[in-house]
Amino acid sequence: MLLVDLDPQGSASLALGAAADGEHLAAVLNGTAAPEPAEVAGGLLLLAGGPALETLADPRPLLDALAKRSGDDATFPDWPRPDVVLVDCPPGHPTLDRLALAAADAVLVAAEPHRLAIAGAARVLDEAKALRPRPRCAVVLGRLDPRRGLDRAAPELLAGAFNATVLAIHQDTALAAALNAGGLPPEHGRAADDLRAVAAWLNL
C-alpha cells in the first residue's frame, strides 16, 4: 500500500515518524523527479507531505506523476506496484484536493460532527460528485461520543442530507494514545471495529 501525503502540514507523514518537508513529492508532481517512496510502519510506502507542496502552481495529474520513471515507460519505478494508493488531502486547498479527487476511485471525506466541519465535507462531496467518472463517496465522522444526543443522530441525519454512506469513528482513548505515540491503531476496541468498517467499505 502507498500513502501519498498531499497535505502541506504533513500530518500523516509525521504520525508515521517520517520527515515532512514535501520536497520530493513536490518534485514528483512538478515532473522533475520519479517517485521514490520510503518504507514506514508495517511495510507501508510513503510519499511524504510538507510545506513544499504549498508552492505547486500547476502540478501534473496524480496518476501521471506516479507513473513517471526516468528513461523508460514503466508504470512504476523500482519498487513494488501497490495494490492500493491512499491519498491524504489538505482541508480547503482547491489545487491539491482536486488533484486527488480527479484520480480517485473512492473518496472518504473526514469530518467531525459540528457545523463548520460538515459544511466543508459537503463542499468536497459536491466536487467529487461533479467528476466523470464519479468516484464512490462516503463521509467518515470522527470523535463521535454516544453520550451526546447530536452525535448519536448525526450519521443517520447526514446520510440523508448528503445522499452518501456515512461511517463513524467513535471516541477511543486507546486509538488517541496510539496515534499520539506514533504507533498503529489498536486491534481491539470500538474504534478498531469502526476502522475495519471503513476498510470494508473500501474493499481492503
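Each value in this text was obtained by applying a stated rule to the coordinates, not by laboratory testing. In this text the structure is predicted, and so the values were computed from the model without any measurement. Reconstructed Cβ throughout: ideal geometry from the backbone, glycine too, with neighbour counts over all protein chains shown.
Inter-label distance, residue 27 to residue 152: 5.5 nm, where each label sits 7 Å from its Cα along the C-beta direction. Helix 115-129 axis versus longest C-alpha principal axis of the chain: approximately 50°, rounded to the nearest ten.
Please say if region 163-204 is rounded, prolate or oblate, where rounded means a/c under 1.5 for a ≥ b ≥ c the square roots of the C-alpha gyration tensor eigenvalues, and otherwise the choice is prolate for a/b larger than b/c and oblate otherwise?
Values: a/c = 2.38, a/b = 1.87, b/c = 1.27.
Prolate, since a/c reaches 1.5 and a/b exceeds b/c.
Scoring 19-30, 146-157 by mean Cβ neighbours within 10 Å over their residues and listing the highest first yields 19-30, 146-157. The ellipsoid equivalent to the alpha-carbon distribution of region 85-153 has semi-axes of 24, 12, 11 angstrom, derived from the gyration tensor eigenvalues as √(5λ) and listed largest first.
Distance between the 7 Å Cα→Cβ label points at residue 171 and residue 116: 2.0 nm. Multiplying each eigenvalue of the alpha-carbon gyration tensor of region 104-204 by 5 and taking the square root yields semi-axes of 24, 17, 12 Å, largest first, rounded to whole angstroms. Applied to region 194-200, the Karplus parametrisation 6.51 cos²θ - 1.76 cosθ + 1.60 on θ = phi - 60° returns per-residue 3J(HN,Hα) values of 5, 5, 5, 5, 5, 4, 5 Hz, with x for Gly and Pro. For residue 107, the residues whose amide H sits under 5 Å from its own are 136, 137, 138, ignoring neighbours fewer than 5 places away on the same chain, with H placed 1.01 Å from N. Once you sort the root eigenvalues of the Cα gyration tensor of region 123-168 as a ≥ b ≥ c, which label holds: rounded (a/c under 1.5), prolate (a/b larger than b/c) or oblate (the other case)? Prolate. Binning all Cα-Cα separations of region 9-67 at 5 Å, short to long from zero, yields these whole-percent fractions: 4, 21, 29, 25, 16, 5, 0.
Summarising the amide proton neighbourhood of residue 86: residues at separation of 5 or more, or on other chains, whose placed amide H is nearer than 5 Å comprise 2, 3, 4.
For residue 169, the residues whose amide H sits under 5 Å from its own are 141, 142, 143, 144, ignoring neighbours fewer than 5 places away on the same chain, with H placed 1.01 Å from N.
Across region 10-24, coupling constants 3J(HN,Hα) worked out from phi with the 6.51/-1.76/1.60 Karplus curve, θ = phi - 60°, read x, 4, 5, 5, 4, 5, 8, x, 9, 5, 10, 9, x, 5, 5 Hz, and Gly and Pro carry x. If you wrap the Cα atoms of region 1-103 in a convex hull and average its projected area over all directions, you get 5.9 nm².
Label the chain by shape, choosing from rounded, prolate and oblate, from the square roots a ≥ b ≥ c of the eigenvalues of the Cα gyration tensor; if a/c is under 1.5 it is rounded, and otherwise prolate applies when a/b is larger than b/c, oblate when it is not. Here the chain falls in the prolate category. Per residue of region 132-140, in order, report the coupling 6.51 cos²θ - 1.76 cosθ + 1.60 (Karplus, θ = phi - 60°) as ³J(HN,Hα) in whole Hz, putting x for Gly and Pro. Once rounded to whole Hz, the list reads 10, x, 7, x, 5, 10, 9, 9, 10. Ordering of 133-145, 187-199 by packing is 133-145, 187-199, highest average first (other Cβ atoms within 10 Å, averaged per residue).
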